[in-house]
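Just below is one structure, and these are the notes that go with it.
The values are calculated or read from the model by the stated rules, or taken from the named source; none is laboratory data. The structure presented is a predicted model; accordingly, all values stated were derived computationally and were not measured. Positions of Cβ are generated from backbone atoms using ideal geometry, with glycine treated the same way; all protein chains shown enter the neighbour counts.
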């Protein structure tokens, strides 16, 4: 029986690291969501992002306002001679005036509003990029926590099998009772580690649910595993080119610079005063006395009025200076953002390559040898060649290294997530050995 128990140990443990088992706590009773589903749902329902999207109405209102003409002015004027002793004399004037924009101000305001709306769209896209990175990170954190529970399950199972063997050997008189007690302690420690893993999983799931914007009571399952190996098909130069083409934060600053250039043009146009034209109809009633006979005379006149301020003291130099200062500021921020984007790509790419090296060390040099060492130690204990402390230590090493292997798989996947965020688009990579969906 001892041979069967220990031979099954590594065979049961290794698959637990590579796949998510049904024994892990489930997110219950709602259909499971793959990573693309989780990302799509988060982009649609995340509270902060939805709030920022609602601000689109403000920009659209600005575009509407920019295209409106000033309201016409109705002018009504009346006069009477009653206070000067000429009560029969009076006048009444009714007119309408309209302000007209000169120097193409209306068209230039519309252009400015359109640039503002374009800048806002890129800002929304950048928030989506950052949210996508955060959601993917939380998703893989939850997957890691689930697989750590699976690993803890295997630890408990192997320690339980070890306890069974010690009971058999104790009954046969081969070992002292102390060895069986040590096996019981290891089993209890394994069960405590599993409880800690469950607590960590709950925290990771809660963070992901918050980012997704799910209503209370809904907890979809998340199937998937960490990807075993991802082969990058693009080099650093190509990745930088993609970042220049796709980074929405850089595009937003480019749109802001264009907006500020339109603002300069509009400020210069404001230096030309607007024309006000008016049309009025006036009725004048007068009295005259000829030969003791008083008579009234009523006259109607139509008048046109044109008025325009003289740009003697103010041609809006302050507005032009302010607009140019904003343009210069946006140019500086755009230049810095472009450099930062390249640096982000370089850093993320270096992190990705390092994660590949670490993962390769685990897969090629560490994991296979560790499994062989554990099998040899278990067989030696069964034959009575080593004590139980050697087996316990070897099992601890085995689980610690496999936890490190899970962390390496997790880091490798997050390195790709960070690289995609730095580039500003998803990368087409060759995936070997597993999927996350």
When (1) surrounded by fewer than 16 Cβ atoms within 10 Å (Cβ to Cβ); (2) modelled with pLDDT of 70 or more are applied to residue 11, the one that fails is (2)
I'd like to check something: does the range 40-58 contain any residue that is touching a strand residue (DSSP E or B) at 6+ places or on another chain (Cβ under 9 Å), at pLDDT below 90 and either surrounded by 12 or more Cβ atoms within 10 Å (Cβ to Cβ) or more than 30 Å from residue 165 (Cα to Cα) (or both)?
no
Considering the range 173-188, residues that are assigned to a helix (DSSP H, G or I) and in contact with a helix residue (DSSP H, G or I) (Cβ under 8 Å, 6 or more places away or on another chain), and then whichever is surrounded by the most Cβ atoms within 10 Å (Cβ to Cβ), we arrive at 183
Matching residues in the range 354-386 (under 13 Å from residue 415 (Cβ atoms) and surrounded by fewer than 13 Cβ atoms within 10 Å (Cβ to Cβ)) number 1
Of (1) surrounded by 14 or more Cβ atoms within 10 Å (Cβ to Cβ); (2) without any contact (Cβ under 8 Å) to a residue 24 or more places away in the chain, residue 336 fails just (1)
Residue 384 meets each of (1) modelled with pLDDT under 90; (2) out of contact with any helix residue (DSSP H, G or I) (no Cβ under 8 Å at 6 or more places or on another chain); (3) in a helix (DSSP H, G or I) with one exception, condition (3)
Restricting the range 387-402 to residues that are touching a residue at least 60 places away in the same chain (Cβ under 8 Å) and surrounded by fewer than 19 Cβ atoms within 10 Å (Cβ to Cβ), the one nearest to residue 139 (Cα to Cα) turns out to be 389
Per the list (1) over 30 Å from residue 62 (Cβ atoms); (2) in contact (Cβ under 8 Å) with a residue 12 or more places away in the chain; (3) in contact with a helix residue (DSSP H, G or I) (Cβ under 7 Å, 6 or more places away or on another chain); (4) part of a helix (DSSP H, G or I), residue check on residue 170 breaks on (2)
Of the listed residues (121, 109), the one being crowded, with 19+ Cβ neighbours inside 10 Å and at pLDDT 90 or above is 109
